[in-house]
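A quick write-up on the structure given underneath.
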Amino acid sequence: MENAHKPFIPRDEPKSWIVFDLAVLTGFLVAGPAMASAYFLGPVWLEMLGKSLFLISWLTAAVMFCTYVARKFAGRYAELQERDWREQVW
């Protein structure tokens, strides 16, 4: 077992990719269940909260994906190394 403990946030990916992943997961795992529970339970505020969170998280994901793709094609990630979050490139 070479890497028995691997961190949740990979250190060899740019920040834009990590934020993209977290935004998509937030949309699916937080906003989705909030909207589903609002459908079954009925409170309007929960439905609005779920829809707003879903929209914000997916807009964030779209911006971060566009940032990642633009910088990937520009060659910014060609020599990406494993670093801490604060030192990693966007």
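The values are calculated or read from the model by the stated rules, or taken from the named source; none is laboratory data. Note that the structure is a prediction, hence the values are computed from the model and not measured. All Cβ positions, glycine included, derive from the backbone under ideal geometry; neighbour counts span all protein chains shown.
Which fully enclosed helices (runs of 4 or more DSSP H) of region 1-83 have 1 or more residues being out of contact with any Pro (no Cβ under 9 Å at 6 or more places or on another chain) and of a type in the set (V, I, T)? Can you show your working first?
On the way: elements: 15-26, 32-41, 44-73.
By residue number, 15-26, 44-73.
Being modelled with pLDDT of 85 or more, surrounded by 15 or more Cβ atoms within 10 Å (Cβ to Cβ) and hydroxyl-bearing (S, T, Y) narrows it down to one of S37, S57, so name that one.
Values: S37 fails: surrounded by 15 or more Cβ atoms within 10 Å (Cβ to Cβ).
Only one candidate passes the filter, namely S57.
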